[in-house]
Amino acid sequence: MAARGDQIVWLGQTRDLPAVLARDAFETRDAQGRLITPGLIDCHTHLVFGGDRSQEWRLKLSGAPYDEIARAGGGIVSTVAATRAASEADLTRSALTRLDSLLADGATTVEIKSGYGLSLEDELKMLRVARGLAAERKVRVRTTLLAAHTVPPEFRTDRAAYVRQIIEVIIPASVGLTDAVDAFCETIAFTPEETRAIFEAAAAHGLPVKLHADQLTDSGGAALAASFGALSADHLEYASPDGLAAMAAAGTTAVLLPGAYYVLSEPVKPPVDVMRKLGLPMAVASDCNPGTSPMASLRLAMHLAVTLFGLAPEEALAGTTRNAARALGLGDQLGQLKPGAQCDLALWDTDQPDAVIYWLGRLPQCQRVVGGLTV
Ligand code: DI6
Ligand code: FE
């Protein structure tokens, strides 16, 4: 492989290396038989948040369902209170502990959602903290506005007013700080009609959309996302075949989140067979969040996607590289080893692709390259 600046310029057998590249090489490295993959891409995280919800686990273990915990004032809303109370420095410090786990595991790009601020000031605070992480570590950060995560307590009696606030105030103010707009379309969150109005506002500001879709019920989220040409629809446990077909036609990537499925003990798996038949690209992400996916490892996400959802190991790896890049609208630059792509790599201390995914709870021996620089 040859790289110039931050880009891959050539791949092939050493004997075929163009003479000019060999002659001009400033630095030559021998990977010594190690497996090289594209740097891993976590295309769905809620990495920035305040507080801790480990005590909720007790309720879950004693059988309380997620929506009951949410209705009882736990769930997302308790993280919202802790996030609002936290300073940018506090949020940065706690996010870095999780980010470092992702990076140790081979990640070179991480998407980070807002959604625990739910006010103009606190959503922008989350987006600034997320963007700021790229100055703290060698990593590419993409941000997503998720003001439509849940209705905040102060708007509980007037949800329409909150949706208006998102549309008229928060989305316009987030331009320049966010790369996309997301919503949680679900019986316990936002209706398809509310989601549609929010997506129209995103489109009016030139922002692409993504959707938490059909995670707990079939709300028609997959088809709704497709109708806006969404970059991705995520979760999809209950997505209908028609919804998935609409996604395939629209070029919307399916993002599988096995961590949340596992932690919630969901009874229904995402319809991976249908996705495959449709040729729908499948990404795999950590969904790292304090409530439903306390997981900061893409290798573990891939492992769970294989063991729980029946992905082949190579499908799981495509899910955190090529298809994860598509889910972020970066498919032409990231997630593949090809000339013209960014030189973001993970060099693994193995020559066995499956070994990257197979081992649990073991520090991966992995070296990262971001934009051509070893980090
Ligand atoms: N779906 C989820 O699984 C998370 N958010 C979402 O839209 C849950 C986030 C949380 O419980 O804090
Ligand atoms: Fe999520």
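FYI, it's all coordinate maths here, none of it is from the lab. These numbers come from a predicted model, not from an experiment. Note that we place each Cβ from the backbone using ideal geometry, even for glycine, and neighbour counts take in every protein chain shown.
With a sphere of radius 15 Å drawn around the Cβ of residue 181, what net charge do the other residues whose Cβ falls strictly inside it have (Lys, Arg +1; Asp, Glu -1)?
Counting the neighbours of residue 181, the net charge comes to -4.
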Residue 147 long-range amide H proximity, modeled H, under 5 Å
182
The answer for the per residue Cα convex hull volume of the stretch 133-283, in Å³, is 132
For the stretch 274-285, 3J(HN,Hα) per residue [Karplus equation, 6.51 cos²θ - 1.76 cosθ + 1.60, θ = phi - 60°, Hz, x = Gly/Pro]:
5, 4, 4, 4, 7, x, 6, x, 10, 9, 10, 9
Each label point is 7 Å from the Cα along the Cα-to-Cβ direction; what then is the distance between the points at residue 168 and residue 203, in nm?
2.2
What ranking of 142, 196 emerges when the number of other C-beta atoms within 10 Å of each C-beta is taken as an exposure proxy, fewest first?
196, 142
By the scheme Lys and Arg +1, Asp and Glu -1, what is the net charge of all other residues having a beta-carbon under 13 Å from that of residue 320?
-4
Ignoring everything except DSSP H segments at least 4 long, calculate the 222 nm mean residue ellipticity for the chain; use -39,500 (n - 2.57) per segment, divide by total residues, nearest 500.
-11000 deg cm²/dmol
Return, ordered by residue number, the residues of the stretch 164-204 whose backbone nitrogen is under 13 Å from a label point located 7 Å along Cα→Cβ of residue 249.
none
Per the rule of 0.36 nm per residue minus the C-alpha distance, extending residue 14 to residue 277 adds in nm 90.9 nm
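So if R0 is 25 Å, what FRET efficiency would residue 58 and residue 85 give, r being the distance between their Cβ atoms, rounded to the nearest 0.05? Numbers along the way, then the final one.
On the way: r = 23 Å, r/R0 = 0.92.
Between residue 58 and residue 85 the formula returns 0.60.
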Neighbour net charge for residue 58 - beta-carbon separation under 14 angstrom, K R +1, D E -1
-1
Kindly list the residues of the stretch 322-343 that lie in the label zone of residue 34, defined by a backbone N under 16 Å from the point 7 Å along the Cα-to-C-beta vector.
none
Multiply the residue gap between residue 26 and residue 72 by 0.36 nm, knock off their C-alpha separation, and tell me the result in nm, one decimal place.
10.5 nm
So which of 277/338; 269/338; 210/277; 138/277; 60/210 end up more than 31 Å apart, counting from Cα to Cα?
269/338; 138/277
Report for the chain the percent antiparallel among DSSP-assigned beta bridges with both residues inside it, nearest 5.
35
GNM flexibility winner over the chain from 18, 153, 281 (Cα, springs under 10 Å):
18
Using θ = phi - 60° and the Karplus relation 6.51 cos²θ - 1.76 cosθ + 1.60, list the HN-Hα couplings for the stretch 163-173 in order, rounded to whole Hz, with x at every Gly or Pro.
4, 4, 4, 4, 5, 8, 10, 6, 4, x, 6
Subtract the Cα-Cα distance of residue 338 and residue 359 from 0.36 nm times their separation in residues, and report this length gain in nm to one decimal.
4.8 nm
Determine the principal axes of the Cα atoms in the chain, then give the extent along each, sorted from largest to smallest and rounded to whole angstroms.
70, 42, 41
